[in-house]
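Report on the following structure.
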Amino acid sequence: MEAPYDAAQPIDRQTLHQELVGRLRAMILDGTLKPGSKIREVALAEKFGVSRTPLREALRALTADGVVHLVANRGAIVATISEQEIKEILPIIGALEALAGEIICSDASDADIASFRKIHEAMIAEREAGDEDAYQRHNRHFHETIMDLSRNTMLQSLHANMILRTRAARFTSPKSPEKWADAIMDHERIVTALEARNATAVAAQLKHHMVQTATTALQEYTAKIGEKS
């Protein structure tokens with residue numbers, strides 16, 4: 001359970017703003033706030049123990065990032081993603097992760113790189129157990145770790161925004177056994193290249209992986225549109 005804010009303690013306004021933005025981002029990433037859903041300001045303000053004014057400021061910040069839309073007579077809505085946005089954004093994510101991977105190969109410690117093998121092994125176990133929710137959590141952790149270990153704050157910020165924009169396309173649809181196996185193999189190649197500190201191979205594999213992700217996401221998007229038509 002989240003600890004409530006202590007009203008007796010002074011709160012720095014900028015710190016509060018950053019925390020609210022962070023919590024809202026996390027709720028979008030974990031699916032608590034789903035694409036296309038209305039953000040219920042009163043309920044969230046009560047949940048966070050704040051007034052609606054700082055909450056609205058946080059929502060405006062997410063609106064500027066394209067993660068939330070403000071719709072007349074409806075309020076704040078979690079953004080959805082279009083086919084064109086999938087085509088445009090996922091290759092950018094691949095390029096950002098490729099750059100981060102190159103930095104890791106030259107700057108990260110052996111322990112840092114070993115962490116990827118542990119994440120990958122956990123993902124293999126979850127696939128064998130058929131636990132796709134746990135697999136997806138580790139999948140997110142794998143890609144977040146790539147950015148974290150780059151220790152490049154600008155790169156991390158750009159990546160985090162792109163991930164939020166594409167969250168619905170990347171992490172919500174069930175994988176077929178074939179796609180799941182392909183993803184595992186992609187991660188194996190990435191981990192092997194990282195362990196060899198082969199920056200060229202790491203960058204190529206990360207870009208390839210995101211191309212595959214984009215292809216799958218577009219297929220699922222087209223299927224969903226077909227179901228609605």
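Summary of computed values
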| quantity | calculated |
| --- | --- |
| Residues that are among the β-branched types (V, I, T) and open to solvent by 50 Å² or more (accessible area, probe 1.4 Å), drawn from segment 117-138 | I124 |
| So S176, is it out of contact with any strand residue (DSSP E or B) (no Cβ under 7 Å at 6 or more places or on another chain) and open to solvent by less than 50 Å² (accessible area, probe 1.4 Å) | yes |
| Entirely in segment 53-155, the helices (runs of 4 or more DSSP H) that have 3 or more residues that are touching an Asp or Glu at 6+ places or on another chain (Cβ under 9 Å) | 110-129, 132-150 |
| Qualifying residue in segment 73-92 (condition: in contact (Cβ under 8 Å) with a residue 12 or more places away in the chain, β-branched (V, I, T) and open to solvent by 30 Å² or more (accessible area, probe 1.4 Å)) | yes |
| Test: residue in segment 35-56 that is of a type in the set (A, V, I, L, M), open to solvent by 20 Å² or more (accessible area, probe 1.4 Å) and within 28 Å of N139 (Cα to Cα) | no |
| Tabulated pairs, segment 180-191, first more than 16 Å from A214 (Cα to Cα), second open to solvent by 60 Å² or more (accessible area, probe 1.4 Å) and among the aliphatic types (A, V, I, L, M), C-beta under 7 angstrom, 6+ apart or interchain | none |
| For A114: the one exception among (1) more than 22 Å from T213 (Cα to Cα); (2) open to solvent by less than 20 Å² (accessible area, probe 1.4 Å) | (2) |
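A quick yes/no check of all residues on (1) modelled with pLDDT of 80 or more; (2) in a helix (DSSP H, G or I); (3) exposed (fewer than 15 other Cβ atoms within 10 Å of the Cβ):
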| site | (1), (2), (3) |
| --- | --- |
| A181 | yes, yes, yes |
| T192 | yes, yes, no |
| V202 | yes, yes, no |
| H209 | yes, yes, no |
| Q212 | yes, yes, no |
| A217 | no, yes, no |
| K224 | no, yes, yes |
| E227 | no, yes, yes |
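The values are calculated or read from the model by the stated rules, or taken from the named source; none is laboratory data. Quantities reported herein were computed from a predicted structural model and do not represent experimental measurements. Neighbour counts run over all protein chains shown; Cβ positions are idealised from the backbone, glycine included. These area figures cover heavy atoms from the full protein model, side chains too; ligands, DNA and RNA do not enter into them. Shrake-Rupley method; radii C 1.70, N 1.55, O 1.52, S 1.80 Å.
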